[in-house]
Amino acid sequence: MAEKKLPFEPYKIKTVEPLKITTREERDKIIRDAGLNVFSIPAEKVLIDLLTDSGTSAMSNRQWAGIMLGDESYAGAGSYFNFARSVKNIFGFRHVIPTHQGRAAERILFQVLLKTGDYVPSNVHFDTTRANIEVLDARAEDLIKAEAYDPEIVIPFKGDIDLEKLEKFIQGKGPEKIPLVMLTITNNSGGGQPVSMENIRETSRVCHKHELPFFIDACRFAENAFFIQKREKEYSSKSILEIAREIFSYADGATMSAKKDALVNIGGFICLNDDVLEEKLRNNLIVSEGFPTYGGLAGRDLEAIARGLEEVVGQDYLAHRIDQVGYLWDLLNEAGVPVYAPAGGHAVYILADKFLPHIPREQYPGWALTVALYREAGIRAVEIGGVMFSGKDEKTGKDKFPELELVRLAIPRRVYTASHLNFVAQALIDLYKEREKVKGLKITYQAPNLRHFTARFEQI
Ligand SMILES: *Cc1c(COP(=O)(O)O)cnc(C)c1O
């Protein structure tokens, strides 16, 4: 492992948060008390927390300085104007509306635009996006290229929407049933894979031909822009800022969770050009989130977003970010640990059914892997498989499992060093060598919805 080039951290550490080291015996008790569910263990008992990259970023000294300068005026706060200037500099849209996080932006947009029986196509909708569409009795439609479901195919832009499917879908349902089309960049629910500029441009062309608004779910726009710079020839000498501006120039608006590529712990926004729609969104916002110059956030949060957006488009920052994920992916792949290929922008995904082939899908191999990883090494990962996403087959009444049984190792931004990643890789490699000792699970309690958060399990 030592001879691999380490991802060089382009920062030095000024504040530290000590990690608590536990013994295997302690962790065995903790995870059993938690009903074998990593969502139910206290975070302070986790050594390396790879549950999510959302809201877990480390802020810079400039952002913390901005926190102290936050203007907490109810209306017209200076921090709002700094926020709006920073968003417009990258996204370019005429209007920006702050919200408390990404799903609030989605809720407001969809409540205003959708009616019962409508359809919203995307490459792949993220779960909150899907949920906010489905609560309005509309349908969220995933139209990604088929390659995305094959964990072994390596293509540069595995997040691209299938343009032929999109065209057919619009003609089949009729444009009047489709209030907007979306693209998620990068594709969070599909391995964190990027979408090409060509695909964004062509999606825009198809939408505008049918006079449909085109919105981007922009949570990881900077990571996506970095992949475009590295993989699409004509962009190799463009800056991340130039690439990001071009991405958004093709869209009519965007929703954003600032908890990802704005490098903050809370926040979100909607931006768009349409004046009439903006007024409707603003009126909805006032009822639920707050006055339009703060939108459910404190002035200091807006100040931190303004500064985070300036930092996230930095070349050195992004090179390290993407390099970290690729580094962990390489270590695992070279040791023969089955991983979804290629490496994505924010996470490494383990193919849990291949990692634990002796555990059938009905005994939740992905979930069993998260439990074993915590017990053996204190690492917290998340299952994206049969527990999180199974449903009942409408015809047979039997459990229906999602295409892929994954365990996601999400890398928080600027939080962990190369030696932490080495530790994670080694723990997984050791576990892989002893994989036949890991046992399947059965569910002893589950809630009717979103069962993964509170379910309890027993080892079989
Ligand atoms: C996180 C996320 C959201 C929702 O944002 P929250 O801030 O968690 O509400 C929407 N879309 C994508 C792609 C995301 O990753």
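The values are calculated or read from the model by the stated rules, or taken from the named source; none is laboratory data. What you see is a predicted model; the values in this text were computed from it and never measured. Heads up, the Cβs are rebuilt from the backbone with ideal geometry, glycines too, and the neighbour counts pull from every protein chain shown.
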Original post:
List, please: which pairs have Cβ atoms under 9 Å, are six or more places apart or on different chains, and start with a residue in the range 324-338 that is on the phi < 0 side of the Ramachandran plot and end with one that is charged (D, E, K, R) and assigned to a loop (DSSP other than H, G, I, E, B)?
Top reply: GLN324/GLU9; TYR327/LYS4; TYR327/LYS5; ASP330/LYS4; LEU331/LYS4; GLU334/LYS4
Subject >> All positions within the range 267-281 that are within 16 Å of the ligand (Cβ to nearest atom) and either touching a Leu at 6+ places or on another chain (Cβ under 8 Å) or over 17 Å from PHE91 (Cα atoms) (or both) >> reply: GLY267, ILE270
**OP:** Could you please let me know if ASP323 is within 25 Å of ALA148 (Cβ to Cβ) and acidic (Asp, Glu)?
**Re:** yes
**OP:** Would you mention how many residues in the range 215-234 are more than 16 Å from the ligand (Cβ to nearest atom) and either within 24 Å of LYS260 (Cα to Cα) or aliphatic (A, V, I, L, M) (or both)?
**Re:** 6
Original post:
When the range 55-78 is examined, which residues are found to be within 19 Å of THR128 (Cβ to Cβ) and surrounded by fewer than 18 Cβ atoms within 10 Å (Cβ to Cβ)?
Top reply: GLY55
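Rundown of residues vs (1) away from the ligand (no atom under 16 Å from the Cβ); (2) surrounded by fewer than 21 Cβ atoms within 10 Å (Cβ to Cβ), yes/no style:
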site: HIS125; (1), (2): no, no
site: ILE133; (1), (2): no, no
site: LEU136; (1), (2): yes, yes
site: ALA140; (1), (2): no, yes
site: GLU152; (1), (2): yes, yes
site: PHE157; (1), (2): yes, no
site: LEU163; (1), (2): yes, yes
site: PHE169; (1), (2): yes, yes
Original post:
Does GLY326 satisfy the criteria of being under 22 Å from the mean Cα position of the chain (by Cα), more than 16 Å from the ligand (Cβ to nearest atom) and within 30 Å of ILE384 (Cβ to Cβ)?
Top reply: yes
Subject >> TYR294 away from the ligand (no atom under 16 Å from the Cβ), outside the structural domain of ILE133 (by TED's automatic domain parsing) and surrounded by 22 or more Cβ atoms within 10 Å (Cβ to Cβ) >> reply: no
Original post:
Of (1) touching a residue at least 60 places away in the same chain (Cβ under 8 Å); (2) surrounded by fewer than 22 Cβ atoms within 10 Å (Cβ to Cβ); (3) more than 10 Å from the ligand (Cβ to nearest atom), PHE81 satisfies all except one. Which?
Top reply: (1)
Subject >> Flag for THR99 being modelled with pLDDT of 95 or more and near the ligand (Cβ under 10 Å from one of its atoms) >> reply: yes
**OP:** Assess whether HIS420 counts as being of a type outside the set (S, T, N, Q) and buried (at least 17 other Cβ atoms within 10 Å of the Cβ).
**Re:** yes
**OP:** Please list, ordered by first then second residue, the pairs with beta carbon atoms under 7 Å, 6 or more apart or interchain, first in the range 432-460 and without any contact (Cβ under 8 Å) to a residue 40 or more places away in the chain, second in a loop (DSSP other than H, G, I, E, B) and among the polar types (S, T, N, Q).
**Re:** ALA447/THR454
Subject >> Answer from ARG435, ARG456 - the residue that is among the charged types (D, E, K, R) and either farther than 15 Å from LEU36 by Cα or buried (at least 18 other Cβ atoms within 10 Å of the Cβ) (or both) >> reply: ARG435
**OP:** State whether the residues of the range 393-407 include one that is over 22 Å from the mean Cα position of the chain (by Cα) and closer than 26 Å to ALA43 by Cα.
**Re:** no
**OP:** Give the number of residues within the range 17-72 that are within 16 Å of the ligand (Cβ to nearest atom) and assigned to a helix (DSSP H, G or I).
**Re:** 1
